[in-house]
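I have a structure I would like to understand better, so I am pasting it below and will then ask my questions one at a time.
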Amino acid sequence: MCIRDRSEIIINPISGSIGAEIHGVNLSTDLSDAVFSEIRQTFIDHGLIFFRNQELTPDDHLRFAKRWGEININRFFAKVEGYEQIAEVKKDPDQEINIGGAWHTDHSYDQIPAMGSILLAKETPKTGGDTLFANMYKAYESLSDGLKGTLESMNACHSSRHVFGAHTGYAEASNQRIGNPELATQDAIHPVIITHPESKRKALYVNPEFTVNFEGWTKEESQPLLSYLTEHSTRPENITRFNWEPGSIAFWDNRCTWHFALNDYPGEKRLMHRITVEGSALC
């Protein structure tokens, strides 16, 4: 289905799960309030938006991001030279481990998690390097009423320590792409089921990368249920796959999506610039 409005923006939902491509807009320009309002509503409605063929400078990228809120300065990722608010997400041809190669949602380990991330492709491999996205609204909605009721009363514990801390495999293999392991001290407790502050829809809010256990449960007790929720959330019908080209942008809502960067391009380079927008407390 294609939707066209008076502003000539074209919105194309790209799967039966989540996400829409927006065409007819140049993000390197100062967007009118009317155009930005429509982009914002599309983001709320779809939870994930994409743009193609955007030739953005770092300043353009930042200008667009700042329309959405305050910018989060990443503690761990390397920065684009001269732009501490833009994180560099890179894999060089001689590197084996990529960044983001597991299902997760960004910054769930923070007391106030980030709202979303705006990822701009600068260099992409000839083939591969796609990103998968999972719809956490549908993950919640497709649970049984009994499990929904159980999870509604539960909280989960999230942490950065085991991913970005010292002597973790991820940090040691990152080859200076990720640093500051001494800053990996974040622990947070969030509801397992949240109500999105703008769409007002309920979403499942745990993830395999940063959720370590349910509050009041041991890690061993928590693991079977967390594993089930991961399997449930990543069923094929719940997934959208995005193919990158230079100039492509993905902007995902951390409150209702997971994502997974595929690592299927050995010997090739992939370079992305990411800006993360601050969020609000979850409930």
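The values are calculated or read from the model by the stated rules, or taken from the named source; none is laboratory data. Remember, predicted model here, so these are calculated numbers, not experimental data. In this analysis, Cβ positions are derived from the backbone assuming ideal geometry, glycine residues included, and neighbour counts consider all displayed protein chains.
Of the residues that make up segment 193-208, is at least one of a type in the set (Val, Ile, Thr) and touching a Cys at 6+ places or on another chain (Cβ under 9 Å)?
Yes, segment 193-208 contains at least one residue that is of a type in the set (Val, Ile, Thr) and touching a Cys at 6+ places or on another chain (Cβ under 9 Å).
Could I ask something else about it? Any residue in segment 221-246 that is more than 20 Å from Ser15 (Cα to Cα) sitting within a Cβ distance under 7 Å of a residue that is surrounded by 13 or more Cβ atoms within 10 Å (Cβ to Cβ) and of a type in the set (A, V, I, L, M)? List the pairs, counting only those 6 or more apart or interchain.
Short answer, once both residue conditions are applied: Leu226/Val206; Leu229/Leu204; Leu229/Val206; Pro246/Ala121.
Within segment 182-202, can you find the residues that are crowded, with 17+ Cβ neighbours inside 10 Å and over 18 Å from Trp258 (Cβ atoms)?
Hits for segment 182-202 are Ala184, Gln186.
What are the pairs, 6+ residues apart or on separate chains, where a residue within segment 182-207 that is part of a loop (DSSP other than H, G, I, E, B) has its Cβ under 7 Å from a residue that is buried (at least 19 other Cβ atoms within 10 Å of the Cβ) and hydroxyl-bearing (Ser, Thr, Tyr)?
Correct list of pairs: Ala184/Ser160; Gln186/Tyr109; Gln186/Ser159; Gln186/Ser160; Val192/Tyr205; Arg201/Tyr137; Asn207/Thr105; Asn207/Ser108.
Determine which member of the set Ile112, Ile99, Ile118 is over 26 Å from Glu231 (Cβ atoms) and buried (at least 20 other Cβ atoms within 10 Å of the Cβ). First the steps, then the outcome.
On the way: Ile112 fails: buried (at least 20 other Cβ atoms within 10 Å of the Cβ); Ile99 fails: over 26 Å from Glu231 (Cβ atoms).
Result: Ile118 is the single residue among Ile112, Ile99, Ile118 that is over 26 Å from Glu231 (Cβ atoms) and buried (at least 20 other Cβ atoms within 10 Å of the Cβ).
Just name the residue that is surrounded by the fewest Cβ atoms within 10 Å (Cβ to Cβ) out of those in segment 203-221 that are under 18 Å from the mean Cα position of the chain (by Cα) and of a type in the set (Val, Ile, Thr). Explain how you work it out, then say what you get.
Within segment 203-221, the first condition is being under 18 Å from the mean Cα position of the chain (by Cα), and the residues that meet it are 203-211.
Now drop any that are not of a type in the set (Val, Ile, Thr), which leaves 206, 211.
Details: Val206: 29, Thr211: 23.
Applying the filter and picking the extreme gives Thr211.
Please go through segment 110-123 and give me each residue that is in a loop (DSSP other than H, G, I, E, B) and either of a type in the set (D, E, K, R) or over 16 Å from His259 (Cβ atoms) (or both), ordered by number. If you could, list the steps in order and put the result at the bottom.
If we filter segment 110-123 for residues that are in a loop (DSSP other than H, G, I, E, B), which is where we start, we get 110-115.
Within segment 110-123, Asp110, Gln111, Ile112 meet the criteria.
How many residues are among the acidic types (Asp, Glu) and under 25 Å from Thr57 (Cβ atoms) if we restrict to segment 228-252? Give the steps one after another, and end with the answer.
Taking segment 228-252 as the starting set, the residues that turn out to be among the acidic types (Asp, Glu) are 231, 237, 245.
The next check asks that each one be under 25 Å from Thr57 (Cβ atoms); those that pass are 245.
The total comes to 1.
Okay, next question. Could we say that Leu143 is without any contact (Cβ under 8 Å) to a residue 60 or more places away in the chain and among the aliphatic types (A, V, I, L, M) here? I'd like the intermediate steps shown before the answer.
Details: without any contact (Cβ under 8 Å) to a residue 60 or more places away in the chain: no; among the aliphatic types (A, V, I, L, M): yes.
So Leu143 fails the test.
Mind checking which strands (runs of 3 or more DSSP E) fall wholly inside segment 1-96 and carry at least 1 residues that are over 23 Å from Lys122 (Cα atoms)?
Numbers: elements: 10-13, 20-23, 48-51, 83-91.
By residue number, 10-13.
Moving to a separate point now. Would you check if there is a residue in segment 109-125 being at pLDDT 95 or above, among the charged types (D, E, K, R) and under 16 Å from the mean Cα position of the chain (by Cα)?
To start, the set of residues in segment 109-125 that are at pLDDT 95 or above comprises 109-125.
Going one step further and asking which of them are among the charged types (D, E, K, R), we end up with 110, 122-123.
Going one step further and asking which of them are under 16 Å from the mean Cα position of the chain (by Cα), we end up with 110.
Yes, some residue in segment 109-125 is at pLDDT 95 or above, among the charged types (D, E, K, R) and under 16 Å from the mean Cα position of the chain (by Cα).
Being touching a residue at least 60 places away in the same chain (Cβ under 8 Å), within 26 Å of Leu262 (Cβ to Cβ) and not basic (Lys, Arg) is true for just one of Ile71, Ile44, Ile49. Which residue is that? Give the derivation first.
Values: Ile71 fails: within 26 Å of Leu262 (Cβ to Cβ); Ile44 fails: within 26 Å of Leu262 (Cβ to Cβ).
Result of the check over Ile71, Ile44, Ile49: Ile49.
While we're here: Taking the conditions exactly as written (under 19 Å from the mean Cα position of the chain (by Cα) and within 21 Å of Thr230 (Cα to Cα)), does Ile194 satisfy them or not? Before you say what the answer is, go through the steps one by one.
Working: under 19 Å from the mean Cα position of the chain (by Cα): yes; within 21 Å of Thr230 (Cα to Cα): yes.
Judged against the criteria, Ile194 is a match.
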